[in-house]
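Worksheet for the structure shown next.
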Amino acid sequence: MLLSSIVKGYRKIRVLCIGDVMLDHFLYGKVERISPEAPVPVFNFQSEKKMLGGAGNVVANLHSLGCSADIICFIGDDEAGRQVHALLEQVCDHVAALVVPGFPTIEKTRVIAGNNHLLRIDNERRFQCDDEILGSKLEERVREADIVLLSDYAKGLLSPERCQRVVKACVEAQKPVIVDPKGDDYSKYAGATVVKPNLKEFNQATGLSCHPSEPDFQDRLREGATRLFERYGIRNLLVTLSEYGMAFVSAAHPDEVFRIPTEAREVFDVSGAGDTSLATFGASLAAGADIQDAMKLANIASGVAVGKLGTSCVTAQEILDALSRRRSSTGPGWKQKNKIVSRREAAAIAAQCREQGKKVGFTNGCFDLLHQGHLHSLMQARSQCDVLMVGLNTDASIKRLKGPERPIQDEKTRALLLASLEFVDFVIMFDDDTALPLVDAIRPDVILKEGYTIDRWPEAQFVESYGGKAVTLSRLDGYSTTQTIARMKG
């Protein structure tokens, strides 16, 4: 089954998620000095964001992937609980947010300066309540779902008794149940279809100490997996290995290990990457994928997630874009190809950069035959921003602008050459006659180009209209593509 077909099938499935929900609160700002009162940084607050964490992030990712999602979770009778409930209503078809009196909604506040986490403040107590709080409709919810995901953060919802009730309901309804576990007592997950620990959790549960860099890793992985299979009747084990990818072992074939490498390109933040992995893996199985294809898609989605700042969701389109890059990323130049992004990706990257306090710059052109004049302009542009995005005319748009004999080099070659320059961060191809639609999508902080005054530069006028800056770059005389072509003909 094609991976892209699996992704497109997400919109047809329904997923039930049961687990610990929390409110993730992010405070963004800058640190530029140390306090005179004590040897601590002074955090200059700029903005904040509140979003779903834990099992809430799982259903937010399911919604982002295009799935229908239901959730069963605990909240407190407080303002954070009301915020969590409102956020869940935006991403779930059915929300069973059960209020537990006397306990606060779990909230984690992270203080972030640039790309650096300075501090995390947790407000939580482990929920304690009667096992019957799940009510009589649990089995009905299980029957209505295509797959059930358990997101266990050891905050009280998935007690051994409640966890086993869910697993048994799934077995009776013949619905797969995938567990993201916590702690070393896997008896409560007995009978689960797949249990998905990270390496630290796997070592803790098995009592082993194994690492992917060690030559006997797969032998020790098989040994640990066999222990869990024999003790708890778990049917499959998927171990996430951080920068080493993923490994899978099945109770049906315990001597076989299937491994895949990581897909991450650049890691900004690992917050919520496990939630993204769980959501994508479960959605893929429900959409008809086998275990190995579901692993591949979960791995790709995790790679996208860690490239974002904060607890982030991954869309089906982002996975499809990553698959497209993956198909063209063999051989020399694959790192450069990762810098060639779609308009949608560029807009998301620009928004993320602004959250981090980075200045986004934009310039554009045909860049048919790269010469010293181009390099001069691009280096100037990069010196005035933190991230430089370059809009590149497609072959079709250049033919409309310059005639049927241009461009000399095709768009893929021109894009790869630009992406190979260390002072170019991202390249975005556009087919419009002007770069204005692309500028509208990206909303750069500064737009830069040589040879244009504001009155003849609509893109610059637009950037200035929302408070951005326009900069006219100096030209290096004696260099142009037209002159280069003329010399070649001569």
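The values are calculated or read from the model by the stated rules, or taken from the named source; none is laboratory data. Bear in mind that the values here come from a model prediction, so they are computed numbers and not experimental data. For neighbour counting, all protein chains shown are included, and Cβ atoms are generated from backbone atoms with ideal geometry for every residue, glycine included.
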Problem set entry | Selection count, the range 120-135, where residues are under 29 Å from residue 29 (Cα atoms) and assigned to a loop (DSSP other than H, G, I, E, B) | 2
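Can you list the helices (runs of 4 or more DSSP H) lying wholly within the range 348-440 that have 1 or more residues being more than 21 Å from residue 475 (Cα to Cα) and assigned by TED's automatic domain parsing to the domain that holds residue 458? Talk me through it step by step, then tell me what you get.
Working: elements: 372-382, 395-402, 411-419.
Once the helices (runs of 4 or more DSSP H) in the range 348-440 are filtered for at least 1 residues that are more than 21 Å from residue 475 (Cα to Cα) and assigned by TED's automatic domain parsing to the domain that holds residue 458, what remains is 395-402, 411-419.
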For this session: Give 143, 126, 120, 82 a once-over and let me know the one that is surrounded by fewer than 18 Cβ atoms within 10 Å (Cβ to Cβ), in the same structural domain as residue 167 (by TED's automatic domain parsing) and in contact with a helix residue (DSSP H, G or I) (Cβ under 6 Å, 6 or more places away or on another chain).
Result: 143
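I'd like to check which strands (runs of 3 or more DSSP E) are fully inside the range 1-59 and have at least 2 residues that are hydrophobic (A, V, I, L, M, F, W, C) and in contact with a helix residue (DSSP H, G or I) (Cβ under 6 Å, 6 or more places away or on another chain). Spell out the reasoning first.
Details: elements: 14-19, 21-34, 41-54.
Strands (runs of 3 or more DSSP E) meeting the threshold: 14-19, 21-34.
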For this session: Go through the range 71-119 and give me each residue that's within 21 Å of residue 135 (Cα to Cα) and in a strand (DSSP E or B).
Result: 71, 72, 73, 74, 75, 94, 95, 96, 97, 98, 99
Exercise. Going by the conditions given, is residue 394 touching an Asp or Glu at 6+ places or on another chain (Cβ under 8 Å), of a type in the set (Val, Ile, Thr) and within 24 Å of residue 469 (Cβ to Cβ)?
Worked result: no
